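Engineer: To start, I am sharing the structure in question, which I have written as structure tokens.
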Amino acid sequence: MQHKRVLWSIGLGLVAWSMLDQSATARYYRRGGGYGGGYGGTPQSYYMNAMANVVRAQGQAAVGYSQAAINIETARSQYIDNQKKWAETYFERKRIYAAYAQEKHDRDMQVVHNYLANRQSQAPARLSFSQLDPATGKINWPDALRSGEYAADCRKVEELFALRSHVDATLDATRQIQAEVATLRDILVKNISSTPPSYYIPARKFLDSLAYEATFPTG
């Protein structure tokens, strides 16, 4: 808008100058004179040439401003397009990962459910000496049961097995051991979603066998 006002003012100036100076220039040349001692042009022509240079400079500046605006708009459009593509890629990767995680979780749960269904039809296996020392009550716990969340109940079970090894097994001692094992089993079930089947199933089998072991006489 400012450029238009400048061009409009220049145009008005050129018209006014032409009208005011036209008769004076004609009289000047009839007397045999000339601007600058007869060399070059008239004052009007010099003025018009100067104004033409101003107009040309204004036009070039306008072209430069226009090109700069185009470049800025192109860069902004490219930035928006890149951001959109990044967001689409991010959410697509997130969707794929979520689908993979859900599929893996479903497979893991199926493995656990298959084990629990088959377990109902058979008695747990007896523990070996390396898993349970009947003389001291020392237990070699599976990896899934070695975190701090299980520590207190694991110690209670070992203490009960150690006490049981020094006295005759009683129904009350068996029930106490099985109650503590049941507590450990409940914690394990609570963590089923975060425990891989390769850790969960051996731990579950171990606890079933541990509770079953308490039913046998000592010695």
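Read-outs: derived from the displayed coordinates by stated rules, not from any lab. From a predicted model like this one, the values you see are computed outputs, not experimental measurements. No Cβ is skipped: glycine too gets one built from the backbone with ideal geometry, and neighbour counts run over all protein chains shown.
Engineer: Restricting the search to segment 128-168, which residues are in contact with a strand residue (DSSP E or B) (Cβ under 9 Å, 6 or more places away or on another chain) and of a type in the set (A, V, I, L, M, F, W, C)?
Structural biologist: Listed by number, the residues that qualify are LEU132, ILE139, CYS154, VAL157, PHE161.
Engineer: Restricting to segment 168-206, name every residue that is outside any helix (DSSP H, G or I), touching a helix residue (DSSP H, G or I) at 6+ places or on another chain (Cβ under 9 Å) and touching a residue at least 24 places away in the same chain (Cβ under 8 Å). Before the answer, list the steps.
Structural biologist: Taking segment 168-206 and keeping what is outside any helix (DSSP H, G or I), we get 168-170, 191, 195-196.
Now drop any that are not touching a helix residue (DSSP H, G or I) at 6+ places or on another chain (Cβ under 9 Å), which leaves 170, 191, 195-196.
Of everything in segment 168-206, those that are outside any helix (DSSP H, G or I), touching a helix residue (DSSP H, G or I) at 6+ places or on another chain (Cβ under 9 Å) and touching a residue at least 24 places away in the same chain (Cβ under 8 Å) turn out to be ASN191, THR195, PRO196.
Engineer: Oh, and also: Taking SER209, is it among the small types (Gly, Ala, Ser), farther than 21 Å from GLY137 by Cβ and either assigned to a helix (DSSP H, G or I) or touching a Leu at 6+ places or on another chain (Cβ under 6 Å) (or both)?
Structural biologist: No, not satisfied.
Engineer: May I ask you to say which residue of ASP208, ASP153, ASP172 is among the charged types (D, E, K, R) and surrounded by fewer than 16 Cβ atoms within 10 Å (Cβ to Cβ)?
Structural biologist: Going through ASP208, ASP153, ASP172 in turn, the sole match is ASP172.
Engineer: So which residues in segment 138-157 are touching a helix residue (DSSP H, G or I) at 6+ places or on another chain (Cβ under 6 Å) and of a type in the set (Lys, Arg), if there are any at all?
Structural biologist: Of everything in segment 138-157, just one residue is touching a helix residue (DSSP H, G or I) at 6+ places or on another chain (Cβ under 6 Å) and of a type in the set (Lys, Arg), namely LYS156.
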